[in-house]
């Protein structure tokens, strides 16, 4: 991923979707597997479990590549949703009363979020946000995503008052919203110029 | 269109795949109805993608790729329980498979005819999930909450002192909220509720009723 641009990842995924291209699949594995494994380990998996999860994830990538739609988001975002869902289902196999990722997210649909120009911009927004967040806000966002901690658990972890955690998270979210709004403005300008 | 929404903290945790089971199902019910929350969630998924791309790399065992390639032509396993889509179409899709049969034939229980309840079996160490049915025009005793209670309106509508809630609305009540919901006259109101502590009744009638309520 360090050397694979978003466009390269996108083309690899499209080649898998359209031509069941195994060579592209191997390249995608090489470009992303070290970080997909890192995701699992950040979420608390052992190295063995993380590789197990990585296998499940890549098999799903192969089978579901046709659901990737570059008009709704970037390749890395799509990969993120796959590994996120696999993590949810990993520990819950075969239980009837538990929640599976398919309960929470429907494969179908998503076309309403389509836009010819927005996905690149969206990715830019998220990237800019990540780069511009002060470390202390970034740390809280990170714990929400990878450790699934409640705000009070994060407060206990960092030995800080609950109010501090809540305000750091709110500041990060506000920044993301502001960036998203700016991006909408750009989108409108671009669309207007196209007409 | 829904007027009351999950807050951004909940949407972010949902996009992170980190909400407790029952609460995740409830947010998913709302998202099926709400375009703006879907968009917001999508933004948080993009943030998740960027976080993924930013992680320090872990060394992957040399045999992992070959193990994947060995399995790549395996037939796809049976569809998961979640995609079979059985149950009453009046129930939002994410919740449907957890409710046996249809809303009309459910075995409701409860003290009074005006409020009936049904326990939903979703594995969740943190929250209890229930369906409530408030009879048309009926009112719940005034109460507050020992913990958080999340409510999603499946059908009908109910009003509080200050607000009116309709199908698709997502409502959060915490220990500071004292409320006395009343279903609107025209029909029964059916809600999906997720709570982390039993209700604590505050009114006179409430205090009498409380010891008997489960």
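The values are calculated or read from the model by the stated rules, or taken from the named source; none is laboratory data. In this text, all values refer to a predicted model and were calculated from it rather than measured experimentally. Heads up, the Cβs are rebuilt from the backbone with ideal geometry, glycines too, and the neighbour counts pull from every protein chain shown.
Overview of results
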{"quantity": "Residue ID - nearest to residue A:84 (Cα to Cα), chosen from residues in the stretch B:1-10 that are surrounded by fewer than 24 Cβ atoms within 10 Å (Cβ to Cβ) and more than 7 Å from chain A (Cβ to nearest Cβ)", "calculated": "B:10"}
{"quantity": "Residues satisfying the stated conditions in the stretch B:100-119, i.e. surrounded by fewer than 20 Cβ atoms within 10 Å (Cβ to Cβ) and either within 14 Å of another protein chain (Cβ to nearest Cβ) or part of a strand (DSSP E or B) (or both)", "calculated": "B:100, B:109, B:116, B:117, B:118, B:119"}
{"quantity": "Where residue B:49 falls short, out of the listed (1) within 14 Å of the chain's Cα centre (by Cα); (2) modelled with pLDDT under 95; (3) buried (at least 23 other Cβ atoms within 10 Å of the Cβ)", "calculated": "(1)"}
{"quantity": "Some residue of the stretch B:33-50 being facing chain A (nearest Cβ under 7 Å), within 20 Å of residue B:94 (Cβ to Cβ), in contact with a helix residue (DSSP H, G or I) (Cβ under 8 Å, 6 or more places away or on another chain) and in a loop (DSSP other than H, G, I, E, B)", "calculated": "no"}
{"quantity": "Any hit, the stretch A:43-56, residues being in contact (Cβ under 8 Å) with a residue 60 or more places away in the chain and more than 11 Å from every other protein chain (Cβ to nearest Cβ)", "calculated": "yes"}
{"quantity": "Flag if residue B:134 is more than 7 Å from every other protein chain (Cβ to nearest Cβ) and in contact with a strand residue (DSSP E or B) (Cβ under 6 Å, 6 or more places away or on another chain)", "calculated": "yes"}
{"quantity": "Filtered residues of the stretch A:161-195 (kept if over 21 Å from residue B:44 (Cβ atoms), surrounded by 13 or more Cβ atoms within 10 Å (Cβ to Cβ) and touching a helix residue (DSSP H, G or I) at 6+ places or on another chain (Cβ under 8 Å))", "calculated": "A:162, A:164"}
{"quantity": "Tally, over the stretch B:86-99, of residues that are within 14 Å of chain A (Cβ to nearest Cβ), in contact with a strand residue (DSSP E or B) (Cβ under 9 Å, 6 or more places away or on another chain) and not in a helix (DSSP H, G or I)", "calculated": "4"}
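Yes or no, residue by residue, for (1) buried (at least 20 other Cβ atoms within 10 Å of the Cβ); (2) assigned by TED's automatic domain parsing to the domain that holds residue A:147; (3) not in a helix (DSSP H, G or I):
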{"site": "A:17", "(1), (2), (3)": "no, no, no"}
{"site": "A:29", "(1), (2), (3)": "yes, no, no"}
{"site": "A:35", "(1), (2), (3)": "yes, no, no"}
{"site": "A:57", "(1), (2), (3)": "yes, no, no"}
{"site": "A:60", "(1), (2), (3)": "no, no, no"}
{"site": "A:69", "(1), (2), (3)": "no, no, yes"}
{"site": "A:76", "(1), (2), (3)": "yes, no, no"}
{"site": "A:81", "(1), (2), (3)": "yes, no, no"}
{"site": "A:87", "(1), (2), (3)": "yes, no, no"}
